[in-house]
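J.: Quick one: the structure is below, and I'll ask about it shortly.
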Amino acid sequence: MKQIFPNNIDYSTVDPLWPSKTGPYAFTRSATIARGQSCLRNLHSRKEKVIAVVSHSGFLRCAISLCKYANADYRIFDFAETSKEGGDLELVEWKETEENGGGLGESEKGRAKVEESDFPAEEQVEEVKEQLGGKTNDEAAKEIPEKK
């Protein structure tokens with residue numbers, strides 16, 4: 001992206017490891033949820049009271065809010081009162097978007113579940129990665145056979 005937008009974005013805070021799909025960016029359940037908590041901690045520590053977050057709906061559903069998002073829909077959240085330093089942070093959706101199925105009313109209502117099928121089994125990813133000569137988790141995950 002830096003080659004396409006060299007002067008418009010401050011890249012100084014981008015982790016040099018990204019987008020390797022390894023370590024914290026691996027396509028595994030534990031890495032994704034940990035990355036979600038890191039994101040929530042960063043947002044929680046900011047001084048701003050209103051923050052717009054734009055992301056992939058799968059990441060938002062699995063790691064941030066446990067809500068489904070229709071294309072271009074939005075939801076409004078506050079941090080749960082039980083969110084405290086050092087513990088997992090949780091969001092509470094505003095009644096207006098929760099009851100409407102998102103701000104546009106296009107999203108499924110209610111909480112979503114993180115399903116086992118959302119991620120390859122971590123043992124499978126490592127096994128396939130090893131067999132494929134050390135490819136990244138994302139490359140290895142593509143090679144995992146479908147569950148029957």
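J.: Taking the stretch 1-23, which residues are of a type in the set (Val, Ile, Thr) and either within 18 Å of the chain's Cα centre (by Cα) or closer than 18 Å to residue 42 by Cα (or both)?
T.: Those that are of a type in the set (Val, Ile, Thr) and either within 18 Å of the chain's Cα centre (by Cα) or closer than 18 Å to residue 42 by Cα (or both): 13, 14, 22.
J.: Residues to consider are 21, 68; find the one that is in contact (Cβ under 8 Å) with a residue 60 or more places away in the chain, surrounded by 14 or more Cβ atoms within 10 Å (Cβ to Cβ) and part of a loop (DSSP other than H, G, I, E, B).
T.: 21
J.: Shifting gears a bit: Looking at 95, 84, which one is among the charged types (D, E, K, R), at pLDDT 85 or above and either exposed (fewer than 13 other Cβ atoms within 10 Å of the Cβ) or farther than 30 Å from residue 22 by Cα (or both)?
T.: None of the other options fit; the residue is 95.
J.: Please verify whether residue 10 is surrounded by 10 or more Cβ atoms within 10 Å (Cβ to Cβ) and among the acidic types (Asp, Glu), treating the condition exactly as stated.
T.: Against the criterion (surrounded by 10 or more Cβ atoms within 10 Å (Cβ to Cβ) and among the acidic types (Asp, Glu)), residue 10 does not qualify.
J.: Any chance the stretch 58-68 includes a residue that's out of contact with any Asp or Glu (no Cβ under 8 Å at 6 or more places or on another chain), under 22 Å from residue 14 (Cα atoms) and not aliphatic (A, V, I, L, M)?
T.: Within the stretch 58-68, the first condition is being out of contact with any Asp or Glu (no Cβ under 8 Å at 6 or more places or on another chain), and the residues that meet it are 59-61, 63-64, 66.
Applying the additional criterion that residues be under 22 Å from residue 14 (Cα atoms) yields 59-60, 63-64.
When the remaining residues are screened for being not aliphatic (A, V, I, L, M), the result is 59.
Scanning the stretch 58-68 turns up at least one residue that is out of contact with any Asp or Glu (no Cβ under 8 Å at 6 or more places or on another chain), under 22 Å from residue 14 (Cα atoms) and not aliphatic (A, V, I, L, M).
J.: Take the residues in the stretch 98-148 that are more than 30 Å from residue 78 (Cβ to Cβ), part of a loop (DSSP other than H, G, I, E, B) and among the aliphatic types (A, V, I, L, M), then tell me which one is modelled with the lowest pLDDT.
T.: For the stretch 98-148, the residue satisfying everything is 144.
The values are calculated or read from the model by the stated rules, or taken from the named source; none is laboratory data. None of the values given here were measured: they were computed from a predicted structure. Virtual Cβ from ideal backbone geometry, glycine too; neighbours counted across all protein chains shown.
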